[in-house]
Structure formats: C-alpha cells, structure tokens
Amino acid sequence: MSRYFPGRLLAIETSCDETSIAVLRGHEILSNIVSSQIDLHAQWGGVVPEAAARAHVEALLPVLQTALDSAGVGLHEIEAIAVTNRPGLVGALSVGVSAATALSLSLGCPLIGVHHLEGHIWSVLAADPELQAPFCCLLASGGHTEFVHVRGLGDYGLLGSTIDDAAGEAFDKGARLLGLGSPGGPMVERAAVGGDPKRYPLPRALPERPYEVSFSGLKTALLRLTEREGSDLNVSDAAASLQAAIVDVLAEKALAAALDSGSSTLALVGGVAANTVLREALAARCEKEGIRFIVPPRELCTDNAAMTGLAGSLYLAAGTPNDLPLEVSSNAELGP
Ligand code: KG4
Ligand code: ZN
C-alpha cells in the first residue's frame, strides 16, 4: 500500500493571512499557490481576523483556478480534498473549510481536515518523501516554537516549547523595534546581511532549561539598546545581533533535543525555518554530531497548502475516514 494518497489531491490552507491552494499527486507537488494578505494587514500593524476572512473569500476562487491551471489539472479530476481546519482564526479557517466541504460534496470525493502544525511537520516530506518517523523536529513559526519527538503519523511527544514569545514573534517584534516593517523575519534577515552579529551583545535566555526557550527578555534588551543608541544605532549590526541571538538558542536547544531523544534525524520546519542563518547553523551542528539534518525548501516553510496536502495525503492513505461534517477550531492540541 502506498504511503501517500495516489490520486490527485486538492489542498486548501486559510488558517491565518495566507490563502493557499495546492494540487498534489502522491508526494509530487503539482502546484502550490500562495496569496498573501500581508500588505492588507500592514495598515493595522497586525492581522485583523475579520479582514482576513473577507480577503480569503475574495482570493479563494482566483487562487483555486491558478492552482488548477498551473498543475494542468481540471477540477473534475480532483479525487480528494485536504483542508486546514485547526488551529487558527475561526473566520479565516471557515472560509477554507466551507469551500473544501462544498467541493467535496459536489465532486463526491473524500475530505480530510488537517492540523496546521501537522502540516508544518510533514512539510519536511517535500525534502525527502521517504523520510520515516521517528525523528526530532523543531517547529518554529509566528505562533509556535516547539521541540517535537515525531513518533509516527498523529503520534507526537512534546519535548519542550517557548515559555513566552514564539521565535517568529521575536523576529517580528524585533523588526518593529528596528523600524524594519513586516514580515519581520525576512526583513531582519535582509537587514542583517553584512552586519556584525557580535556588535551588540543580546541575552540568550534559559541556558539551564533543556528544550525550553524564552524571547521576552531579548525583546526588552533590544528595546533598551534602541533607546540607548538612538540615531547612532547601526541597524544592520543590530539586526545581525538579534538574528544571532535567536538562532543560537534555537540551534543549541534543537540539537540537545535531538541528541537526548536518541533521534538520528533533526527536521526544521515552520516559517522561521526559511531563515538561512538558522538553516546553516543547524546543518553545521548536525553534521558535527553525526545527525541527519532535513529542512523543506524555503517556500514550503512559511504557510502554504502543499504542506496541508502532504499531511492530508498520509492520513487519506492510512484509511482515515471522510471527515464530513468538518468542524473548525481556534485551539487544538497537536495530534490526529
Ligand atoms: O509558519 P508561518 O508562515 O505562520 C505561522 O504559522 O505562524 O510563520 C510565520 C513566521 C513569521 O513570524 C515570520 O516573521 C517568520 O515566520 N519568518 C521568518 C523568515 N520568514 C518567515 N523568520 C526568520 N527568517 C525568515 N527568513
Ligand atoms: Zn504556520
């Protein structure tokens, strides 16, 4: 039996501020279209749930058409649908789930609901479709920073997490303090190019607590730094120093989590996994320790529907029954 749903699968992701639709066949990603609302929400300085839901409604059909066209697949050829149904903004999730439900009913094909974080975890299959559990996973996104022992599909052990801000949040808040705009992570990464990461010493919190991270002290230290330096602040050096502080902590703790859980593979997923300095730091440390390091291509790290499709495909192939009627949930434990 194939590990992946063998037919043409349509995947939909609308949990936050990206409308994304992908078409997969087996593990093959035929198309993965992402329409971002980042410019829309920039005027309010954060994601406004009501506006997000409306923007998903507007984007959904054009994104669907583009996804089908670039995959070269007709809607009538779709054989199953996967949709992110938890956790996320309820209004935003409902747009994707309503569309998925309607499509599944009209096409008469199965529908599977996917946990957003499971989507991130299994996005790693884009790097190696044959990868098998168990493996250790650092999931670092805008809302989560978790060290997960992946024992199998739907079987996850939480080794540790952040006790305050997520890593992506640390990038986003830091970018705001440095006047760099959003999305914070890519802005900090760009500003840090050529900057001196040792110029401004910033704290690395919780050295004594394995697999737990904290970034609120870092944010305060950066605020103090900007106040102290004023217009003398070298933004590139400050961005490099901030990035180094976040990367150092994540890399060190992820490696400890992998080693202590006896994992021979460490996966890096979530939006922050798009960060080149973090990717390189973990690759180098893993190589030194004889651990296999695996990370999805950058465009599959930030929110996208291909990851929803990969996780959904595994569940469909495993015989998970049709999920109709599909509920949405703003909060959900990581699990099947
Ligand atoms: O996974 P994701 O797209 O959405 C959530 O589920 O939260 O992650 C978004 C987060 C944002 O905080 C963004 O600033 C961060 O990922 N991010 C990055 C980079 N690209 C996105 N952080 C650091 N470096 C990047 N290149
Ligand atoms: Zn995400």
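The values are calculated or read from the model by the stated rules, or taken from the named source; none is laboratory data. Because the structure is a prediction, the values reported are computed rather than measured. Cβ: placed from backbone, ideal geometry, glycine included. Neighbour counts: every protein chain shown.
Miscellaneous remarks
- The residues on offer are 50, 130, 58, and the sole one that is modelled with pLDDT of 95 or more, assigned to a helix (DSSP H, G or I), among the acidic types (Asp, Glu) and away from ligand 2 (no atom under 16 Å from the Cβ) is 58.
Every residue, every condition in (1) surrounded by fewer than 18 Cβ atoms within 10 Å (Cβ to Cβ); (2) of a type in the set (S, T, N, Q); (3) touching a strand residue (DSSP E or B) at 6+ places or on another chain (Cβ under 6 Å); (4) modelled with pLDDT of 95 or more, yes or no:
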| position | (1), (2), (3), (4) |
| --- | --- |
| 75 | yes, no, no, yes |
| 80 | no, no, yes, yes |
| 84 | no, yes, yes, yes |
| 90 | yes, no, no, yes |
| 97 | no, no, yes, yes |
| 100 | no, no, yes, yes |
| 107 | yes, no, no, yes |
| 112 | no, no, yes, yes |
| 115 | no, no, yes, yes |
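- Of the residues making up region 149-173, those that are under 20 Å from residue 85 (Cβ atoms) and surrounded by 22 or more Cβ atoms within 10 Å (Cβ to Cβ) number 1.
- Single residue of 245, 283, 306 found to be in a helix (DSSP H, G or I), touching a strand residue (DSSP E or B) at 6+ places or on another chain (Cβ under 6 Å) and surrounded by 22 or more Cβ atoms within 10 Å (Cβ to Cβ): 306
- Restricting region 133-144 to residues that are of a type outside the set (Phe, Trp, Tyr) and in contact with a Lys or Arg (Cβ under 9 Å, 6 or more places away or on another chain) leaves a set whose member that is farthest from ligand 2 (Cβ to nearest atom) is 134.
- Inter-residue pairs, beta-carbon under 7 Å, first in contact (Cβ under 8 Å) with a residue 24 or more places away in the chain and among the polar types (S, T, N, Q) and in region 89-110, second surrounded by 22 or more Cβ atoms within 10 Å (Cβ to Cβ) and not in a helix (DSSP H, G or I), 6+ apart: 94/328; 101/111; 104/81; 104/111
- Qualifying residue in region 170-189 (condition: touching a helix residue (DSSP H, G or I) at 6+ places or on another chain (Cβ under 8 Å), more than 16 Å from ligand 2 (Cβ to nearest atom) and closer than 27 Å to residue 260 by Cα): no
- The residues in region 257-277 that are within 16 Å of ligand 2 (Cβ to nearest atom) and either surrounded by fewer than 24 Cβ atoms within 10 Å (Cβ to Cβ) or not polar (S, T, N, Q) (or both) can be counted, and the count is 8.
- Under the condition of being of a type in the set (Gly, Ala, Ser) and either within 16 Å of ligand 1 (Cβ to nearest atom) or touching a helix residue (DSSP H, G or I) at 6+ places or on another chain (Cβ under 6 Å) (or both), the residues counted in region 86-126 number 8.
Residues are listed down the side, and each one gets a yes or a no for (1) within 16 Å of ligand 1 (Cβ to nearest atom); (2) under 20 Å from the mean Cα position of the chain (by Cα):
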residue	(1), (2)
239	yes, no
246	yes, yes
250	yes, yes
255	no, yes
258	no, yes
261	no, no
270	yes, yes
276	yes, yes
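- Counted residues, region 1-47 - those being within 16 Å of ligand 1 (Cβ to nearest atom), assigned to a strand (DSSP E or B) and more than 17 Å from the chain's Cα centre (by Cα): 0
- Region 168-193 residues that are more than 15 Å from residue 218 (Cα to Cα) and among the charged types (D, E, K, R), paired with ones that are away from ligand 2 (no atom under 16 Å from the Cβ) and assigned to a helix (DSSP H, G or I) (beta carbon under 9 Å, 6 or more apart): 189/239; 189/243; 189/276; 189/277; 190/239
- Screening 325, 336 for residues that are modelled with pLDDT under 95, more than 18 Å from the chain's Cα centre (by Cα) and either surrounded by 20 or more Cβ atoms within 10 Å (Cβ to Cβ) or not hydrophobic (A, V, I, L, M, F, W, C) (or both) leaves exactly one candidate, 325.
- Total residues in region 286-303, condition within 14 Å of the chain's Cα centre (by Cα) and either part of a helix (DSSP H, G or I) or among the charged types (D, E, K, R) (or both): 4
- Any chance residue 147 is within 16 Å of ligand 2 (Cβ to nearest atom) and of a type in the set (Phe, Trp, Tyr): no
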